[in-house]
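Input: a single structure, listed below in structure tokens.
The values are calculated or read from the model by the stated rules, or taken from the named source; none is laboratory data. Given the structure is predicted, the values throughout are model-derived calculations rather than measurements. Ideal geometry is used to build each Cβ from the backbone, glycine not excepted, and the neighbour counts take in all protein chains shown.
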Amino acid sequence: MHGSRSHLPATGDADALLRLVAACRAPAHLASLRAAHARLLLLLHPSHPSAAPARVKLIQAYAACSALPAAHAVLDSLCSPDHGAATTTICFNVLIRALTAASLHRDALRIFASMRPRGPACFPDHYTYPLALKSCAASKDLLLGLQIHSAVARLGLDANRYVAHSAISMYARCGFPEDAYRVFDGMQNRDVVSWNAMISGFARAGLFERAVDVFKQFVVLPCSIPDAGTMASILLAMGNAKAEDIILVGKAFNEMRLKELISWNAMLAIYANNEYHVNAVELFLRMEKDGVEPDSMTLATVLPPCGELSAFSVGKRIHEIIKRKGMLPNLLLENALTDMYASCGCLKDAREVFDSMSARDVISWTSIISAYGKHGHGREAVDLFEKMLGQGLEPDSIAFVAVLSACSHAGLLDVGKHYFDSMTCRYNITPKAEHYTCMVDLLGRAGCISEAYDFIMMMSIEPNERVWGALLQACRIHSNMDIGLVAADSLFRLVPEQTGYYVLLSNMYARAGRWADVTSVRSVMANKGIKKSPGASIVELGDRVHTFHIGDRCHPQSEMIYQKLDELLGRIRGIGYNPEVEATLHDVEEEDKEGHLSVHSEKLAIAFLLINTSPGTPIRVTMNLRTCGDCHLAAKLISTITSREIILKDTNRIHHIVQGACSCGDYW
DNA sequence: ATATCGGCGG
């Protein structure tokens, strides 16, 4: 496509000119389009049978070239009586469609309103109303939406399913889901789009359970065929879903004969948003096997689960796919890659992605800051935060969480205090529970327990369990019984069923040698029927994820793993390993403390990877609890005797261990 | 010659 007139077809060939018009899809084609337009005017008399379709094509083409005024001008030229009213309406529809597609909803509604004065012959029709209602929905204009919907009813067009579907969406998006449901309920025969509209309507109005109910009603219908729209609609309602619902949606997805990319992406997102990380990664592998071409949404969705699982090799392969497909630069993907690498403990790769970016937003900076923070490199995190400020970017609430937690991981007490003050005073950000948790953790672990307690007392919001949990943790480290008991009381009041805190408390007693109290906490747990959440470690080997539990003997290689572990523990005893009996984070039986420590899931996972990977390969382990002191020490010594990097990610941070030294500097 | 529902980060 070129702008020069010499490339235009010879005069007289209207069809070729129309094909040329239809091929103009970008601003660069505008000159060609104008030239073709001029020729067509000369060639086609308004009464010519091709004149009307030509107008429609011209409006579409101008809109596609982002020349909306020109598109509008074509419409304005339609004043001659040679044009039928039908043509005029179609041209209006096409222009309005172009405006809604460009999210110019106010303009769309203005053009819509200007139809009537055109004369009694030019009515909006069943094509126009859905577009108008969509614009009402997008601009949350319930009043206009109601007017339009009642006009539609007066005209008897409300039986049209397109109209009904856009009305459902309009009412729901304007915050009136029950009115949306009335439209849905009154429909004579519903199709899949009707159901999708109602599902997403309830979801968008925040009525997640209603949305899931409608989904369930739909899939049990004898001849219902859910489609990509169904999957995309239900996704929003599955933020914090019940296991049975996730299984149900997964079943519907599996039964879909034709799986469009959006369906795959939605299913991935449902798994990812519900911490079904393994399912998400496995689904992605299935996509690869089935030859489904991923798009940037697919990859941006599956990268966080890769990070969560420390599935470095899959994550790295996704990075290769992104590069091969020429998807970069793309902020969403680059930010996701930074996070994924950081979460896998590959700070260097995370930094490389970050450095290679051609544009960075606050989220990019937050990602790299929290990457350094989680690895215990507080100074670097703080430097990056300052650099971000230097670039004129305004930190938001989450950016402050990143820098404050970096300070707390590294024990940068004064810097953390400074940022907390600057957040509230300079940036007028109201601290949330996360910020308070960082500060209590920072103060508490630095030994300022009573200051941390005072901090909680001065909070402007009700302290939640994480805030008290941070204080209890600090009290355990510094053996502060008095405040520790206050924290424990508050915790048991807030979340009596949360097991981790009982363990923390019993640990605190254990550290102080108060074994009677340890026993009484345990009996409270036993009386309440509380079961500790089992410690589990996961590792990636090839494309498979392996899970280990404490004392696990289910793994096919179990025999070898225990042999290896025995050998390792024997060797590190010789260089200073002495099981930390007091730090019995996950054990149950007191009499067998050392035995239990030696089979903590992270140790099994490390032994498993040592057996199955070649010398020099880094060992990556992700666990669902905080790593205990004993395992931390063992991992450091094992890294020494085997000359392996060990990257241990727990729920709180990342321990990057090289030759016996951990990035956390043993402050954790 | 034209339309309805639908995915979103740190």
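Does the stretch A:321-337 contain any residue that is closer than 27 Å to A:LEU625 by Cβ and within 12 Å of DNA strand B (Cβ to nearest atom)?
Step one: of the stretch A:321-337, the residues closer than 27 Å to A:LEU625 by Cβ are A:336.
Now narrow it down to the ones that are within 12 Å of DNA strand B (Cβ to nearest atom): A:336.
Yes.
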Considering residues of the stretch A:189-215 that are of a type in the set (D, E, K, R) and assigned to a helix (DSSP H, G or I) only, the residue nearest to DNA strand B (Cβ to nearest atom): A:ARG204
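Would it be correct to say that A:TYR181 is within 24 Å of A:ARG204 (Cβ to Cβ) and within 13 Å of DNA strand B (Cβ to nearest atom)? Step through it out loud before you land on a result.
Details: within 24 Å of A:ARG204 (Cβ to Cβ): yes; within 13 Å of DNA strand B (Cβ to nearest atom): no.
Taking the combined requirement at face value, the residue does not satisfy it.
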Scan the stretch A:159-173 and give yes if some residue there is more than 12 Å from DNA strand B (Cβ to nearest atom) and either over 16 Å from A:MET198 (Cβ atoms) or buried (at least 19 other Cβ atoms within 10 Å of the Cβ) (or both), otherwise no. no
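In the stretch A:387-453, which helices (runs of 4 or more DSSP H) lie fully inside it and hold 1 or more residues that are over 26 Å from the mean Cα position of the chain (by Cα), assigned by TED's automatic domain parsing to the domain that holds A:TRP468 and of a type in the set (Lys, Arg)?
Details: elements: A:397-410, A:413-421, A:433-445.
Of the helices (runs of 4 or more DSSP H) lying wholly inside the stretch A:387-453, those with at least 1 residues that are over 26 Å from the mean Cα position of the chain (by Cα), assigned by TED's automatic domain parsing to the domain that holds A:TRP468 and of a type in the set (Lys, Arg) span A:433-445.
For the stretch A:527-540, does any single residue satisfy the condition of being over 21 Å from A:ARG626 (Cα atoms) and at pLDDT 80 or above? Can you show your working first?
So in the stretch A:527-540, the residues over 21 Å from A:ARG626 (Cα atoms) come out as A:527-529.
Among the residues that remain, those that are also at pLDDT 80 or above are: none.
No, there is no match, as no residue in the stretch A:527-540 is over 21 Å from A:ARG626 (Cα atoms) and at pLDDT 80 or above.
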Just checking, how many residues over the stretch A:615-668 are aromatic (Phe, Trp, Tyr) and either in contact with a Gly (Cβ under 6 Å, 6 or more places away or on another chain) or assigned by TED's automatic domain parsing to the domain that holds A:ILE572 (or both)? 1
Test: residue in the stretch A:89-102 that is within 22 Å of A:SER166 (Cβ to Cβ) and not in a helix (DSSP H, G or I): yes
How do the pairs read when you match residues in the stretch A:550-568 that are under 10 Å from A:LEU604 (Cβ atoms) and touching a residue at least 40 places away in the same chain (Cβ under 8 Å) with residues anywhere that are among the basic types (Lys, Arg) and in a helix (DSSP H, G or I), using Cβ under 8 Å and keeping only pairs 6 or more apart or on different chains? A:LEU565/A:LYS603
Scan the stretch A:241-295 residue by residue and report those that are of a type in the set (Lys, Arg) and away from DNA strand B (no atom under 12 Å from the Cβ). A:LYS242, A:LYS251, A:ARG257, A:ARG286, A:LYS289
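For (1) near DNA strand B (Cβ under 8 Å from one of its atoms); (2) farther than 27 Å from A:LEU146 by Cβ; (3) at pLDDT 80 or above, each residue gets a yes or a no:
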| position | (1), (2), (3) |
| --- | --- |
| A:ALA73 | no, yes, yes |
| A:ILE90 | yes, no, yes |
| A:ASN93 | yes, no, yes |
| A:ILE111 | no, no, yes |
| A:MET115 | no, no, yes |
| A:LYS134 | yes, no, yes |
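Taking the criterion of being surrounded by fewer than 19 Cβ atoms within 10 Å (Cβ to Cβ) and either within 15 Å of DNA strand B (Cβ to nearest atom) or closer than 27 Å to A:GLY665 by Cβ (or both), would at least one residue in the stretch A:364-378 satisfy it?
Taking the stretch A:364-378 first, the residues surrounded by fewer than 19 Cβ atoms within 10 Å (Cβ to Cβ) are none.
Checked the stretch A:364-378: no residue is surrounded by fewer than 19 Cβ atoms within 10 Å (Cβ to Cβ) and either within 15 Å of DNA strand B (Cβ to nearest atom) or closer than 27 Å to A:GLY665 by Cβ (or both).
Within the stretch A:657-668, is there a residue that is out of contact with any helix residue (DSSP H, G or I) (no Cβ under 9 Å at 6 or more places or on another chain) and touching a residue at least 12 places away in the same chain (Cβ under 8 Å)? Quick ask: steps written out before the conclusion?
Within the stretch A:657-668, the first condition is being out of contact with any helix residue (DSSP H, G or I) (no Cβ under 9 Å at 6 or more places or on another chain), and the residues that meet it are none.
Looking for residues that are out of contact with any helix residue (DSSP H, G or I) (no Cβ under 9 Å at 6 or more places or on another chain) and touching a residue at least 12 places away in the same chain (Cβ under 8 Å), one finds none in the stretch A:657-668, hence no.
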Answer from A:TYR453, A:TYR436 - the residue that is under 17 Å from A:ALA406 (Cα atoms) and in contact with a helix residue (DSSP H, G or I) (Cβ under 8 Å, 6 or more places away or on another chain): A:TYR436
